[in-house]
Amino acid sequence: MATRTDAPTRREQILKEAARLFAERGFHGVGVDEIGAAVGISGPGLYRHFPGKDAMLAELLVGISGQLLTGAKRRLQEAGEVSAPEAVLDSLIEGHIDFALDDRPLITLHDRELDRLPDSDRKLVRQLQRQYVELWVEVVRELYPELAEPDARSAVHSVFGLLNSTPHLTRPGSLPGRAGTAELLHRMARGAFAAAGAGRPTAG
């Protein structure tokens, strides 16, 4: 969601404001009229775009899981076979940091509201997330071949936890600015992987 540079569509505007309001006040604490007011249309007008709040929540959570997976696949494809494993991992980390800094409400929504999705949507989110994790595991094990697969998977999940902590860092002055925060998160993520791999990366 954060990678788009063209003007958002009305549907995307609705989703962005819904995510913000749901994250701030909870799914049940927000009415359709409030979401409509945030984008300058009547509450009933939202039904031309979505059948209801449940559909918005599902599209937000399924959508971001799919976008993270698609973005990771694109980065791997762009890297091809010529990039060193360090560069490929750096690219994956950068992509996830962009999400963690620019789409913080979606992290909060995932943590609080995932169980509200219908079973089919929740299973789809989990499926997309597993595929995303496995892409990372493959790259991490290429860089740290002595790291067992279960340990690599645990390390990936731990790094996601670190990067996804950004919604808790919203107090004024608690972050050093976007560029500084991105750099700090990147160093910490690489440090975590290096620690998990016993500090013995292969030559790139």
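The values are calculated or read from the model by the stated rules, or taken from the named source; none is laboratory data. In this text the structure is predicted, and so the values were computed from the model without any measurement. Cβ coordinates were reconstructed from backbone atoms using ideal geometry, including for glycine residues, and neighbour counts include every protein chain displayed. For accessibility, only protein heavy atoms count, side chains too; no ligands or nucleic acids. Shrake-Rupley method; radii C 1.70, N 1.55, O 1.52, S 1.80 Å.
Name every residue in the stretch 27-83 that is open to solvent by 30 Å² or more (accessible area, probe 1.4 Å), under 17 Å from L117 (Cα atoms) and part of a loop (DSSP other than H, G, I, E, B), in order of residue number. Within the stretch 27-83, P51 is the sole residue that qualifies.
Answer yes or no as to whether E34 is modelled with pLDDT of 90 or more, among the acidic types (D, E) and either in contact with a Leu (Cβ under 8 Å, 6 or more places away or on another chain) or at positive phi (or both). Criteria met by E34. Of the set (1) modelled with pLDDT of 95 or more; (2) open to solvent by 10 Å² or more (accessible area, probe 1.4 Å), all apply to L89 but (2). Scanning the stretch 123-147 for residues that are open to solvent by less than 10 Å² (accessible area, probe 1.4 Å) and without any contact (Cβ under 8 Å) to a residue 12 or more places away in the chain returns no hits.
Return the residues of the stretch 25-47 that are of a type outside the set (G, A, S) and either in contact (Cβ under 8 Å) with a residue 60 or more places away in the chain or touching a Gly at 6+ places or on another chain (Cβ under 6 Å) (or both); say none if nothing qualifies. Answer for the stretch 25-47, where residues must be of a type outside the set (G, A, S) and either in contact (Cβ under 8 Å) with a residue 60 or more places away in the chain or touching a Gly at 6+ places or on another chain (Cβ under 6 Å) (or both): F27, V32, D33, L46. When each of R116, R104 is tested for being open to solvent by 50 Å² or more (accessible area, probe 1.4 Å), within 27 Å of R178 (Cβ to Cβ) and in contact with a helix residue (DSSP H, G or I) (Cβ under 7 Å, 6 or more places away or on another chain), the lone residue that passes is R104.
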